[in-house]
Amino acid sequence: MIDHYGRNIDYLRISVTDLCNLRCVYCMPEAGVRRLRHNEILRVEEIEEIAIAAAALGIEKIRITGGEPLIRRSIVDIVRRVAAAPGIREVALTTNAVLLPQFAAELKEAGLARVNVSIDTLDPEKYREITRGGEVEDVLRGIEAAIEAGLTPIKLNAVLMGGVNEDSIRPLIKMTEDADFRVRFIEVMPIGECAGWNQERFIGISRVLEEEPGLKLVGTDGVSKLYRKEGSVGSVGLISPISSHFCPSCNKIRVTSDGKLKPCLHSAEEIPLKGLHGDELTAALRKGILDKPYKHHLESEDASNSARGMSAIGG
Ligand code: SAM
Ligand code: SF4
């Protein structure tokens, strides 16, 4: 469906939980978040209904996210139902990959096309620090499982933090040399946990090109500028939500795990969907698409206007 600004909104992200088995410093409070009550969280059937209604309005691609989507008990059933919604052409999932060895094959069979895996560093000690206790070996095993199951091509997402993981840029890019990984570096956004961080943590994506001057621009892929290192099989994407935001071409809406439609990641506006069915649900989704703001104001304001952090919205 076309919004008021002529953008074709065809992409929906659904958060299936705001809980997680890791505690990344930019995303989750150390103590975790309040567990939603059972009746607050979208039920599997409600997620399916939203997917069907959204597809009827022109949504073609759905990304399942969280929190960590693989800790939701019914994740395979959710993927199966969403993938079966008439008009949905692709279902993908964003994960920290820790539980992929357990779920990759079942998810593929249920209709999942691909996974994006978050991995900010390959250094075990640094990974433990960033995730407050995670093991990078678990992620690498998860990636292997995804490859075996055919959940490919795999995008590897790394959030760039000044003074934290700049030395991980080159090792991550090295992964693209012999395999078709699409490593994407993302500027950390001042939302939720890191809204109050010191300025030096927020570094521009150009830092990647300083570390690896041999990268050649080869095109674009959605919101990322695509680069390739000579002779490499994979690619390197640079995503800069802050220094050159991509609102004018944003094609996305989001639904939180408690059933609120967020037309824009960084806006406070939320439209309740839980409890709506049939024409009412369709009308609320249509309103969200039509009212999607033209742009967010992250480049001119200190922090996101969103009342929630990424784990609660679904990144
Ligand atoms: N748990 C899954 C994972 O980590 O891939 C899915 C949810 S997580 C919220 C989705 C993505 O949001 C991750 O790639 C994470 O790095 C990113 N993210 C979280 N907080 C962020 C922030 N403040 N700025 C930029 N990216 C952020
Ligand atoms: Fe969990 Fe993903 Fe947030 Fe890390 S980024 S705390 S893995 S939800």
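The values are calculated or read from the model by the stated rules, or taken from the named source; none is laboratory data. From a predicted model like this one, the values you see are computed outputs, not experimental measurements. A quick note on method: Cβ atoms are made from the backbone with ideal geometry, for glycine too, and the neighbour counts reach across all protein chains shown.
Details
- The condition (being away from ligand 1 (no atom under 14 Å from the Cβ), free of Cβ contacts under 8 Å to residues at least 60 places away in the same chain, closer than 20 Å to residue 49 by Cα and part of a helix (DSSP H, G or I)) is satisfied by just one residue among 79, 91: 79.
- Filter result (more than 16 Å from the chain's Cα centre (by Cα), surrounded by 21 or more Cβ atoms within 10 Å (Cβ to Cβ) and modelled with pLDDT under 95) within the range 175-202: 194
- Screening the range 14-37 for residues that are away from ligand 1 (no atom under 13 Å from the Cβ) and of a type in the set (D, E, K, R) and picking the one that is modelled with the highest pLDDT gives 30.
- Hits in the range 116-127 - residues which are within 13 Å of ligand 2 (Cβ to nearest atom) and outside any loop (DSSP other than H, G, I, E, B): 116, 117, 118, 127
- Considering the range 66-75, and only residues there that are in contact (Cβ under 8 Å) with a residue 12 or more places away in the chain and surrounded by fewer than 19 Cβ atoms within 10 Å (Cβ to Cβ), the residue that is nearest to ligand 2 (Cβ to nearest atom) turns out to be 71.
- Of residues in the range 154-203 being under 23 Å from residue 222 (Cβ atoms) and of a type in the set (Lys, Arg), the one farthest from ligand 1 (Cβ to nearest atom): 182
- Qualifying positions in the range 210-242 - under 27 Å from residue 289 (Cβ atoms) and hydroxyl-bearing (Ser, Thr, Tyr): 220, 224, 240
- As a summary of the residue check, residue 45 satisfies the conditions (1) surrounded by 18 or more Cβ atoms within 10 Å (Cβ to Cβ); (2) acidic (Asp, Glu); (3) outside any loop (DSSP other than H, G, I, E, B) except for the one numbered (1).
- Restricting attention to the range 246-270, the residues that are in a loop (DSSP other than H, G, I, E, B), under 16 Å from the mean Cα position of the chain (by Cα) and touching a residue at least 24 places away in the same chain (Cβ under 8 Å) total 8.
- For residue 40, the test of being among the acidic types (Asp, Glu), part of a loop (DSSP other than H, G, I, E, B) and more than 16 Å from residue 258 (Cβ to Cβ) is failed.
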